[in-house]
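The block underneath contains the structure these notes are about, expressed in structure tokens.
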Amino acid sequence: MTDLPARLAALRSLLAEKLGVGPGDLSRQIRRAGRRLPRRLRRDAAVLARAEPLTRHPRLSRLIDPAEVHRAEARLARHLSTIDPVRQRRDRRQDRLAAVGFYILVTFALVVTVLWWRGYV
């Protein structure tokens with residue numbers, strides 16, 4: 001249980017690296033991650049966020065359930081290790097370009113329809 005602060009620090013850096021949330025305590029990072037984490041993992045992250053301040057106090061650290069914290073940390077770390085931030089940025093860029101292309105296509109179709117309706121085409 002003595003290495004829990006170090007493992008939580010590693011998890012915080014992994015959250016910052018993979019999801020782009022800023023530095024800070026774990027609860028702040030989880031709030032900033034929002035829906036980029038699946039619901040079950042948000043619950044696991046909440047368990048870790050509740051345990052983080054308890055690790056700093058010697059007597060309160062005994063209230064932490066080590067098995068639950070270990071499971072939550074393992075699931076969250078496993079999920080974060082599968083995320084590729086470069087691919088996510090590329091996919092977001094492609095989604096935006098596809099949306100712009102769709103809007104241009106719809107606008108062109110509406111212009112042609114109005115011109116046809118008015119008898120110019």
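No value in this document is a laboratory result; all are computed from the given coordinates. Keep in mind that what you see is a predicted model, and the values were worked out from it rather than measured. Glycine gets a Cβ as well: all are built from the backbone with ideal geometry, and neighbour counts include every protein chain shown.
With 0.36 nm allotted per residue and the present C-alpha distance subtracted, the Ala46-Thr82 stretch has 10.9 nm of extension available.
Just flag the trypsin sites (Lys or Arg not before Pro) in the range 1-108 sitting in loop per DSSP whose Cβ has no more than 13 other Cβ atoms within 10 Å.
On the way: sites: Arg7, Arg12, Lys18, Arg28, Arg31, Arg32, Arg35, Arg36, Arg39, Arg40, Arg42, Arg43, Arg50, Arg56, Arg59, Arg62, Arg71, Arg75, Arg78, Arg87, Arg89, Arg90, Arg92, Arg93, Arg96; in loops: Arg56, Arg59.
Loop-located and lightly packed - Arg56, Arg59.
Convex hull volume of the Cα atoms of the range 71-121, normalised per residue: 74 Å³. Which of Val111, Val100, Val69 moves most in a GNM of the chain, Cα contacts under 10 Å? Highest fluctuation among the options: Val111. Each of (i) 2, 11, 22, 22, 17, 12, 8, 4, 1, 0; (ii) 2, 10, 17, 17, 11, 8, 6, 5, 5, 5, 4, 4, 3, 2, 1, 1, 0; (iii) 2, 12, 23, 26, 21, 11, 4, 0 is a candidate for P(r) over Cα pairs in 5 Å bins from 0, in percent; the one calculated from this structure is (ii).
Of the residues Thr55, Thr107, Thr82, which exhibits the maximal mean-square fluctuation in a Gaussian network model of the chain defined by a 10 Å Cα contact cut-off? Evaluated over the chain, the most mobile residue of the options is Thr107. With the simple spin-label model, which puts each label point 7 Å out from Cα in the Cβ direction, the Val112 to Ala6 separation comes to 6.5 nm.
Converting phi to 3J(HN,Hα) with the Karplus coefficients 6.51, -1.76 and 1.60 and the offset θ = phi - 60°, the range 9-24 yields 5, 5, 5, 4, 5, 5, 4, 5, 6, 7, 9, x, 7, x, x, x Hz in sequence order, with x at every glycine or proline.
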